Amino acid sequence: MTCPAVKLSTGASMPQVGLGTWQSKDNECYEAVKAALDAGYRHIDTAELYQNEKEIGRALKEKMGAGMAREDVFVVSKLWNTRHHPDDVMPACQKSLDDLGLDYLDLYLMHHPFPWARGDNLLPITDGKAEHSDVPFMDTWKAMENLVDAGLVKAIGVSNFNISQMEEVLTNGRIKPVVNQVESHPYVTCNRMLEFCTEKGIVMTAYCPLGAPGDIADHGLAVLEDPEIKKIAEKHGKSAAQVCLRWQVQRGVVVIPKSLRATRMVENSQIFDFKLTAAEVETINNLNQDKRVYKWEWSKDHPQWPFNEKF
Ligand SMILES: NC(=O)c1ccc[n+]([C@@H]2O[C@H](COP(=O)([O-])OP(=O)(O)OC[C@H]3O[C@@H](n4cnc5c(N)ncnc54)[C@H](OP(=O)(O)O)[C@@H]3O)[C@@H](O)[C@H]2O)c1
């Protein structure tokens with residue numbers, strides 16, 4: 001797999017296709033990460049929430065023992081909602097590093113702008129409502145800036161932030177976020193966010209780039225079954241998944257499709273040998289319905305919940 005990289009504002013290169021690892025656990029995760037590295041993936045996306053950092057660390061260690069250099073792989077993790085208190089930020093990052101067996105992360109993201117109750121219960125949710133804490137995300141961001149100073153992370157960024165929230169970080173932060181990782185696929189194109197990020201020199205990463213087809217029964221968004229996507233795929237002799245990913249990389253977005261299967265990992269990376277026409281890109285853009293798989297409605301009433309604003 002030859003995968004182009006995008007340049008971050010720090011000057012570092014980030015491979016445009018990475019392996020997502022949400023719902024990838026235990027030995028399956030270890031095998032998946034090894035298979036991805038064997039297939040040429042050099043970008044792995046994880047988070048404390050996924051509870052798989054030890055398995056990913058095991059796979060990385062094995063590959064690094066077999067000749068892969070640390071600097072050849074771009075590792076992303078995320079600060080979970082229950083770790084927003086400034087005193088919790090460095091220990092949380094250190095824990096991810098220890099579990100991954102690394103001495104630095106290439107990128108550390110604030111997973112969400114809204115903070116949950118401090119502690120080791122990662123999902124403090126009762127009767128459909130999350131228990132919140134009252135940390136403004138700028139306080140958390142300032143603690144994340146210290147991670148860069150301390151050399152624990154090469155770069156910091158955000159996830160699930162809307163445009164107003166990004167503006168607040170850009171205005172009040174000392175270090176600019178290099179990435180905003182948001183849900184994006186043909187049913188939530190995030191064109192406004194992409195325009196904003198491009199103007200500010202920030203990279204947009206698309207999570208759920210296939211529309212999370214394994215969970216359709218829960219969310220009802222059958223992106224890969226969309227007739228327009230299927231028509232375009234047929235024309236190019238590609239799969240619907242490849243069309244969704246190609247559309248993103250063609251507009252400069254980084255994609256992190258998750259798979260446990262080596263054949264799909266290869267399929268998801270073979271997207272640099274065809275090009276969508278301007279009309280096809282327009283057709284896909286027009287499928288937007290601002291519909292998301294992940295809305296985190298447990299936090300809907302929190303003032304830092306990002307989805308009241310369209311982006
Ligand atoms: N920042 C955030 O808040 C956030 C939220 C959600 C996700 N993420 C990150 O983004 C990554 C991707 O999102 P996601 O995992 O939710 O959804 P996704 O990548 O859109 O979809 C993953 C699903 O698609 C299947 N799949 C993979 N390749 C396929 C192909 N070529 N054809 C058909 N089906 C295919 C996978 O099944 P198999 O495994 O069986 O192949 C899995 O069920 C996550 O893993 C995580 O790293 C971040």
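The values are calculated or read from the model by the stated rules, or taken from the named source; none is laboratory data. Note that this is a predicted model, so its numbers are computed, not measured. Heads up, the Cβs are rebuilt from the backbone with ideal geometry, glycines too, and the neighbour counts pull from every protein chain shown. Keep in mind that these areas ignore ligands, DNA and RNA; they rest on the heavy atoms of the full protein, side chains included. Shrake-Rupley method; radii C 1.70, N 1.55, O 1.52, S 1.80 Å.
Rank these residues by their accessible area, most exposed first, probe 1.4 Å: Asp139, Asp106, Asp301.
Numbers: Asp139 70, Asp106 20, Asp301 120 Å².
Solvent-accessible surface, decreasing: Asp301, Asp139, Asp106.
Taking each residue as 0.36 nm, the span from Asn285 to Ala150 lengthens on full extension beyond its C-alpha to C-alpha distance by 44.5 nm. Just to be sure I understand the curve: with the Debye formula and one point per C-alpha of region 13-299, what is log10 I(q)/I(0) at q = 0.11, 0.13, 0.15, 0.17 Å⁻¹? So the normalised log intensities are -0.63, -0.90, -1.21, -1.51. Here is the size of region 176-233 from its Cα atoms: Rg then Dmax, 13.4, 40 Å.
Our coupling estimate for region 282-291, obtained by passing each phi through the Karplus curve with A = 6.51, B = -1.76, C = 1.60 and θ = phi - 60°, is 5, 4, 5, 4, 6, 7, 4, 10, 6, 9 Hz, Gly and Pro reported as x. Checked against a 21 Å cut-off, the cross-linked pairs Lys7/Lys291; Lys154/Lys176; Lys258/Lys300 give Cα-Cα distances beyond that limit for Lys7/Lys291; Lys258/Lys300. Beyond 26 Å, what share of the Cα-Cα pairs of region 83-240 is found? Please give it as a whole percent. Every Cα pair in region 83-240 considered, those over 26 Å come to 40 percent. In region 200-311, the C-alpha radius of gyration followed by the widest Cα-Cα span (Dmax) gives 15.1, 46 angstrom.
Note on Ala66 and Gln23: the model spin-label points, each 7 Å out from Cα along the C-beta direction, lie 2.8 nm apart. Relative contact order of region 189-311, taken over Cα pairs closer than 8 Å and 6 or more residues apart, is 29 percent. Excluding residues fewer than 8 places away in the same chain, name every one of the lysines whose C-alpha is closer than 16 Å to that of Lys63. Filter leaves Lys34, Lys54. Per residue, the accessible area of the chain comes to 42 Å², computed with a 1.4 Å probe over protein heavy atoms only. DSSP beta bridges fully contained in the chain are about 25 percent antiparallel. Entry note, the chain: the mean residue ellipticity at 222 nm calculated from DSSP H runs of n ≥ 4, each adding -39500 (n - 2.57), is -11000 deg cm²/dmol after division by the residues and rounding to the nearest 500. In percent, rounded to a whole number, the relative contact order of region 13-299 is 19, using alpha-carbon pairs under 8 Å and six or more apart.
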